[in-house]
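The values are calculated or read from the model by the stated rules, or taken from the named source; none is laboratory data. Because the structure is a prediction, the values reported are computed rather than measured. Because the Cβ atoms are built from the backbone with ideal geometry, glycine has one as well, and the counts that use them run over all protein chains shown.
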Amino acid sequence: MRSAPFLIATAVTLALAASAAAAPHRVRAERRDLHPVLAVPATVAPSQFAAVISPAFGLIKQVNVDLAWQVKKGQVLATLVPRAGKPVVVQAPFDGVVIESDAVAGVFVAEGAVLFNVVDIDNVRIELEIPEIDVSQVKVGQELSARFEAYPDKLYTGRVQVCVPLINARTRTEHADGVIENRTHSLLPGMSGMARIALADRSQALVIPAAAVGHDGQRGFVYRPIGGHAVKTPLALGLADGDWVEVSGGLQAGDEVLVGVAKDGEAVAP
C-alpha cells in the first residue's frame, strides 16, 4: 500500500500540473487566409405542401390512399359524388407523401373541405434565420452543410436557395431557405439541427484564436497582458472559420492576447 506522504505528494503534483495547464497563455494576432463559415440553427420543411380540397359538396364514394402513402402527380386519391352531376376525382397535385387524411368513404363533405395534406420531401427546405449583422455575407447559391439531432454523425450538403429581403423586427434576423436532396426521406419536416454556410474566403485577414475571444452580448472582447495583469479589451470582430476569428478593429498584427483568463485584472506571468 502506498504511504500517506506519497499519496499527498502525488495529489499536490497533479494539482500543480492541472493548474499549469489551466494558466493563461499568450498568443499573437496574425494574418492568415480565412475560410469563414456562418453557423445558424436549421429546421427541415417540405419543398412543397398542398392541402387537397373537395371540389364540391358531395358524398365521398371511394378513398384510394392512406396516411404515409407515396403518391404520384395526377394519382386519384378519392372519388366524390356531387349532389347533382357525375362523379369527380380528387388527384394528387405532385409526387409526394400523404401526411394527413380526413377523407372517409360514405361521408358527405362540403365544398372546399380539406381531404388530404400532401408534401414533397424528395428535396427538403432548410429554414434558416440569418443574424442582421451577417446578412450581407449570405447569398443565394452559397454552399451549406448541416447536421441534425436525429443523425448527428451524418453530414448533409446543399445550397442557399432563397434570401427573403426583410429583417424581422423582433428577432433581428433575415429568413433564408436552403435546399438539400432527400431521396431516402431520412430528413422529416420539423427536424432540427445546425447549418454551416460557407462564406467568401478572406485573404490575409487579421485573426486570433477563437479560444481567446469572449462576448458581452453581441460585443466581443479579449484580455491583453498589460503591466502584469489581464486587461479586458473590447474588439470589433468579423467572420470566423471555427478555430480562428477575424478582428476588424482593436488589434494589430503582432499584438498579444491571453487565452485562459478567468477575470479582468487577473495576474499574469511576464
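See the values below:
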{"quantity": "Some residue of the range 132-142 being closer than 23 Å to T43 by Cβ and surrounded by 17 or more Cβ atoms within 10 Å (Cβ to Cβ)", "calculated": "yes"}
{"quantity": "All positions within the range 122-141 that are assigned to a strand (DSSP E or B) and over 15 Å from the mean Cα position of the chain (by Cα)", "calculated": "D122, N123"}
{"quantity": "Pairs with Cβ under 8 Å, 6+ apart, first in the range 107-129 and touching a residue at least 60 places away in the same chain (Cβ under 8 Å) and over 28 Å from L80 (Cα atoms), second in a strand (DSSP E or B) and acidic (D, E)", "calculated": "D122/E181; N123/E181; R125/D177; I126/D177; E127/D177; L128/D177; E129/E174"}
{"quantity": "Which listed residue is in contact (Cβ under 8 Å) with a residue 60 or more places away in the chain and among the charged types (D, E, K, R), from R224, R196", "calculated": "R196"}
{"quantity": "Elements of type strands (runs of 3 or more DSSP E) contained in the range 1-68, each with 1 or more residues being at pLDDT 95 or above and within 30 Å of G249 (Cα to Cα)", "calculated": "25-28, 30-34, 37-53"}
{"quantity": "From R219, R224, residue being among the charged types (D, E, K, R) and buried (at least 16 other Cβ atoms within 10 Å of the Cβ)", "calculated": "R224"}
